[in-house]
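Colleague: Sharing a structure with you now.
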Amino acid sequence: MKKKLIAGNWKMNGSLAANDALVRAVAAGVADAAAEVAVCVPAPYLAQVAALRGTVALGAQDLSAHESGAYTGEVSAGMLRDLGVHYVIVGHSERRQYHAESDELVARKAQRALAAGLVPIVCVGETLAQREAGETELVVKRQLAAVIHLNGHCISEIVVAYEPVWAIGTGRTATPEQAQAVHAVLRAQLQAATPRADRVKLLYGGSMNAANAAELLAQPDIDGGLIGGASLKAPDFLTIVAAASALAV
Ligand code: PGA
């Protein structure tokens with residue numbers, strides 16, 4: 001089984017003092033983990049976490065679709081690279097929803113990340129209304145298709161996170177069967193685009209926690225997790241990492 005990837009998404013949480021304690025605890029706890037571990041932190045704290053992270057990979061939560069120039073407030077792929085960032089989340093549903101990010105913009109951000117040598121974690125996922133209307137497959141395939149279309153042969157370099165919007169921060173998790181079904185759809189879509197689809201990590205995200213992680217991570221097409229709330233508590237996050245490590249042996 002390939003090594004699982006457990007990525008924390010801190011969202012807009014943290015402070016110098018809180019980050020220091022959290023990253024030290026996570027770094028100490030994952031030193032011998034048989035899973036890959038990353039934390040995606042707010043941009044102002046990237047340098048702080050870079051200095052404390054140990055074997056934990058550094059991730060950002062967004063990047064600009066532009067290379068450089070007059071884009072006040074934006075953070076470029078090159079700047080992230082400069083700070084030692086490896087992963088960058090693109091197209092999180094909170095950005096699609098609150099910042100009107102389109103499939104096409106998400107695809108351009110993924111392209112910008114890849115061009116700078118970063119690994120984009122491309123998020124896809126349906127809303128509750130879309131699921132109830134039977135549109136889940138259609139929605140996630142449309143979101144991923146935009147990224148495949150623009151990124152061609154580089155597509156095997158990305159990570160995909162399936163995050164049903166109705167499960168994010170709600171405590172309502174997709175069942176392992178529901179998650180696996182969508183992951184299988186995404187895997188098949190990637191297989192049609194690249195002969196190296198099997199190496200693409202497909203993460204599940206949406207109220208993954210210490211109690212439900214093992215069952216979700218045991219699914220054949222679930223290669224890891226994108227963890228929001230539970231990534232802010234070191235013991236919970238480390239329990240998820242341990243569940244992922246246990247599956248690697
Ligand atoms: P959650 O968030 O684990 O708090 O549901 C996941 C995410 O939005 O990445």
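Colleague: So, in the range 198-224, of the ones that are of a type in the set (A, V, I, L, M) and in contact with an Asp or Glu (Cβ under 7 Å, 6 or more places away or on another chain), which residue ends up farthest from Val165 (Cα to Cα)?
Modeller: Ala210
Colleague: Any residue in the range 226-249 that's charged (D, E, K, R): show its pairings with residues that are more than 11 Å from the ligand (Cβ to nearest atom) and outside any helix (DSSP H, G or I) at Cβ separation under 6 Å, as long as the two are six or more apart or on different chains.
Modeller: Asp236/Ala210
Colleague: For the range 152-165, what are the residues that are free of Cβ contacts under 8 Å to residues at least 60 places away in the same chain and away from the ligand (no atom under 11 Å from the Cβ)?
Modeller: Hits for the range 152-165 are Gly152, His153, Cys154, Ile155, Ser156, Glu157, Ile158, Val160.
Colleague: Return a yes/no flag: does the range 117-135 have any residue that is over 17 Å from Gly91 (Cα atoms) and touching a residue at least 40 places away in the same chain (Cβ under 8 Å).
Modeller: So far as the range 117-135 goes, no, none of its residues is over 17 Å from Gly91 (Cα atoms) and touching a residue at least 40 places away in the same chain (Cβ under 8 Å).
Colleague: Which one is farthest from Val41 (Cα to Cα) among residues in the range 121-165 that are surrounded by fewer than 22 Cβ atoms within 10 Å (Cβ to Cβ) and hydroxyl-bearing (Ser, Thr, Tyr)?
Modeller: Within the range 121-165, the match that is farthest from Val41 (Cα to Cα) is Thr136.
Colleague: Here is a list: Ala27, Ala57. Which entry is surrounded by fewer than 24 Cβ atoms within 10 Å (Cβ to Cβ), within 17 Å of the chain's Cα centre (by Cα), hydrophobic (A, V, I, L, M, F, W, C) and modelled with pLDDT of 95 or more?
Modeller: Ala57
Colleague: Something else: Which helices (runs of 4 or more DSSP H) sit wholly inside the range 166-249 and have at least 2 residues that are buried (at least 20 other Cβ atoms within 10 Å of the Cβ) and within 14 Å of the ligand (Cβ to nearest atom)?
Modeller: 213-217, 234-246
Colleague: Cβ-Cβ below 8 Å, separation at least six or inter-chain, first residue in the range 82-101 and in contact (Cβ under 8 Å) with a residue 24 or more places away in the chain and under 10 Å from Val122 (Cα atoms), second polar (S, T, N, Q) and more than 11 Å from the ligand (Cβ to nearest atom): which pairs?
Modeller: Listed by first residue and then by second, the contacts come to Gly91/Gln143.
Colleague: Could you figure out which of (1) more than 28 Å from Ala25 (Cβ to Cβ); (2) more than 14 Å from the ligand (Cβ to nearest atom); (3) surrounded by fewer than 15 Cβ atoms within 10 Å (Cβ to Cβ) isn't true of Gln97?
Modeller: Of the numbered conditions (1) more than 28 Å from Ala25 (Cβ to Cβ); (2) more than 14 Å from the ligand (Cβ to nearest atom); (3) surrounded by fewer than 15 Cβ atoms within 10 Å (Cβ to Cβ), the odd one out for Gln97 is (2).
The values are calculated or read from the model by the stated rules, or taken from the named source; none is laboratory data. Here the structure is a predicted model, which means the values were calculated and not measured. Here the Cβ is made from the backbone with ideal geometry for all residues, glycine too, and neighbour counts use every protein chain on show.
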